[in-house]
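The values are calculated or read from the model by the stated rules, or taken from the named source; none is laboratory data. The structure displayed is predicted, hence computed values, not measured ones. Neighbour counts are summed over all protein chains in view; Cβ atoms, including those assigned to glycine, are modelled from backbone coordinates with ideal geometry.
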Amino acid sequence: MSFALIFLSLITIDPRYHTLDEIARELDSIAQHYPEITHLDTIAYSTTDSLPVFAMKISDNANIEEDEPAVLFVACHHAEEILGVEICMYMINDLVHNYGVDSLITHWINNREIWIIPLLNPEGHSIVMKGIDTTWRKNKHDNNNNGQFDPDFDGVDLNRNYDFYWSEGGSSSPPSEYYRGPSPFSENESRALAELARNQHFVFCNSYHSARTGLGEVIYFPWHGACGYPPDFTFLREIADSMAKRIVNDAGNGTYNALPGWSVDGKARNFLYGVYGTFAYTVEVSTTCIQPGWMVDDICERNLAGAYYLLERVEGSGISGHIYDQKTDEPLSAEVIISGYYDPELPARRSDEEFGRFIRLLTAGTYNLEIKKNGYETVYLDGIEVEQDRLTELNIHLRRITDESSIRKKKGIEVIPNPTYGYILIQLKDTNINQLKIYDSAGRLTKIFKNPETRIVWQCDDCSKRIVPNGIYWVIGYEDDKRTVIKTIVLHN
């Protein structure tokens with residue numbers, strides 16, 4: 001054993017911090033004492049040591065799925081970042097003990113599905129809690145397949161293991177503390193979180209971390225860098241700012257800050273937003289990973305203000321509703337597009353399969369929506385008003401396409417060539433389109449053709465006759481209260 005490991009093995013973690021066994025006993029006790037509002041589940045067993053990964057759901061009627069917005073809190077992707085574990089355990093106790101006592105907490109539990117994973121990385125956490133290595137980040141994946149734990153070679157960074165731009169982040173070298181694993185989702189722990197996200201359609205997620213070397217007391221949100229900005233950047237930032245201002249820093253002389261995370265890689269935050277549209281945040285708690293025990297309760301209490309802001313913000317400015325089959329009234333999973341806040345390169349933002357429910361968080365203003373599903377006529381809703389601090393509720397019924405004439409009618413625009421390398425011929429067929437508008441992928445109006453002829457040549461320029469950059473553009477034809485949308489790609493030589 002190296003001198004460094006001998007020294008680290010002498011470090012004792014303050015007993016204020018939970019061990020895995022203590023977490024298991026406490027969660028089991030809470031589940032037994034509050035059976036109507038809690039549901040305790042083991043969502044995975046860790047990759048190497050088969051230790052349980054617990055998730056607790058807090059909601060009225062906790063043992064059934066209800067048509068309520070879901071919010072996730074998760075801690076300890078990185079083993080040394082044990083403050084997040086304590087925040088999650090503190091939150092669980094605060095919620096259940098104040099149900100029926102505090103009116104706001106009671107309202108949240110009655111009208112939300114709150115999921116909390118206090119310890120995603122139990123086997124790495126055990127290394128830290130035993131004092132073997134209090135700077136250990138990874139799990140204990142046996143990278144060299146020798147059947148024993150080698151600290152200089154083993155382990156995967158769980159927060160670099162998600163299948164969203166996985167190869168763009170972390171390290172491909174197993175000894176690195178940022179090793180992303182042999183493949184996306186190679187680890188049971190990250191797969192379990194992803195599966196929970198797929199089933200629950202989380203509106204928000206806070207992932208709790210603590211920076212040993214980077215910035216502390218900061219909230220990161222998706223994203224900026226080589227990939228640009230996400231379509232919901234304005235709304236993500238507004239919520240991150242509001243959450244950060246509610247968390248007082250350790251010094252007591254300010255609050256946390258909010259920053260966009262750099263670029264896109266295999267982190268949980270990017271995966272949850274990029275794939276499922278969850279407004280996912282990384283909360284870097286305190287100024288280091290492990291604080292003295294006497295500081296822990298105060299850190300937890302101050303961080304509850306940020307977490308509880310999210311539980312309240314679920315009902316704030318935005319658009320929510322249900323999508324149904326017009327004939328059967330069965331709920332539908334359909335794509336929900338907010339004009340101007342849409343990236344066709346990202347997976348579609350859809351209503352859920354079980355209830356047809358969707359939630360899109362916005363700021364106060366007027367928005368245009370497009371509801372799409374294969375085999376159904378697209379519905380366009382223009383001028384939807386969103387008020388401050390209130391969800392606008394919509395119930396939308398989609399009509400099935402039942403004959404070929406309906407299909408032909410929706411193909412009233414043809415663009416040639418596509419992709420284009422300098423110009424586009426736009427042809428209108430069997431349609432009474434009276435206006436054409438071209439938008440870029442960020443939803444900005446690029447060009448307008450009023451009262452178009454049946455054949456129009458677009459020279460890939462904007463309204464000021466400037467050549468537009470390479471990218472995806474949307475040609476939209478307007479015919480009374482109907483719209484026809486065609487995607488085209490501009491690639492200049």
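Here are the numbers for the structure shown:
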{"item": "Test: residue in the stretch 151-167 that is in a loop (DSSP other than H, G, I, E, B), closer than 30 Å to Gly365 by Cβ and among the hydrophobic types (A, V, I, L, M, F, W, C)", "result": "yes"}
{"item": "Matching residues in the stretch 294-308 - criterion: being within 20 Å of Gln388 (Cα to Cα) and either among the basic types (Lys, Arg) or surrounded by fewer than 20 Cβ atoms within 10 Å (Cβ to Cβ) (or both)", "result": "Tyr308"}
{"item": "Scope the stretch 100-143; condition exposed (fewer than 14 other Cβ atoms within 10 Å of the Cβ) and modelled with pLDDT under 95; matching residues", "result": "Gly131"}
{"item": "Unmet requirement for Val248, which otherwise passes all of (1) out of contact with any helix residue (DSSP H, G or I) (no Cβ under 6 Å at 6 or more places or on another chain); (2) aliphatic (A, V, I, L, M); (3) without any contact (Cβ under 8 Å) to a residue 60 or more places away in the chain", "result": "(1)"}
{"item": "The stretch 379-401: number of residues that are touching a residue at least 60 places away in the same chain (Cβ under 8 Å) and over 29 Å from Asp241 (Cα atoms)", "result": "7"}
{"item": "Verdict on Gly228 being surrounded by fewer than 16 Cβ atoms within 10 Å (Cβ to Cβ), over 26 Å from Val314 (Cα atoms) and at pLDDT below 95", "result": "yes"}
{"item": "Residue in the stretch 134-155 that is closer than 19 Å to Tyr17 by Cβ, in contact (Cβ under 8 Å) with a residue 24 or more places away in the chain and of a type in the set (Val, Ile, Thr) present", "result": "yes"}
{"item": "Residues that are in contact with a strand residue (DSSP E or B) (Cβ under 7 Å, 6 or more places away or on another chain) and either free of Cβ contacts under 8 Å to residues at least 40 places away in the same chain or acidic (Asp, Glu) (or both), drawn from the stretch 355-376", "result": "Gly356, Phe358, Gly365, Thr366, Asn368, Glu370, Lys372, Gly375"}
{"item": "Residues of the stretch 454-480 classified as without any contact (Cβ under 8 Å) to a residue 24 or more places away in the chain and not hydrophobic (A, V, I, L, M, F, W, C), total", "result": "7"}
{"item": "Residue count for the stretch 128-154, restricted to those that are touching a helix residue (DSSP H, G or I) at 6+ places or on another chain (Cβ under 7 Å) and either acidic (Asp, Glu) or under 17 Å from Arg191 (Cβ atoms) (or both)", "result": "4"}
{"item": "Selection count where residues are over 16 Å from Ala55 (Cα atoms) and in a helix (DSSP H, G or I), scope the stretch 168-212", "result": "1"}
{"item": "Residue in the stretch 313-324 that is over 19 Å from Leu72 (Cβ atoms) and of a type in the set (D, E, K, R) present", "result": "no"}
{"item": "Complete set of residues in the stretch 436-470 that are under 36 Å from the mean Cα position of the chain (by Cα), assigned to a strand (DSSP E or B) and either of a type in the set (Ser, Thr, Tyr) or within 23 Å of Thr378 (Cβ to Cβ) (or both)", "result": "Leu436, Lys437, Ile438, Tyr439, Asp440, Leu445, Thr446, Lys447, Ile448"}
{"item": "Any hit, the stretch 75-92, residues being farther than 21 Å from Asp21 by Cα and under 22 Å from the mean Cα position of the chain (by Cα)", "result": "no"}
{"item": "Residue within the stretch 64-78 that is surrounded by 24 or more Cβ atoms within 10 Å (Cβ to Cβ) and either in contact with a Pro (Cβ under 6 Å, 6 or more places away or on another chain) or in the same structural domain as Asp352 (by TED's automatic domain parsing) (or both) present", "result": "yes"}
{"item": "Total residues in the stretch 443-453, condition in contact with an Asp or Glu (Cβ under 8 Å, 6 or more places away or on another chain) and of a type in the set (A, V, I, L, M, F, W, C)", "result": "0"}
{"item": "When residues of the stretch 264-278 are limited to those that are closer than 13 Å to Tyr220 by Cα and not in a helix (DSSP H, G or I), the one modelled with the lowest pLDDT", "result": "Val264"}
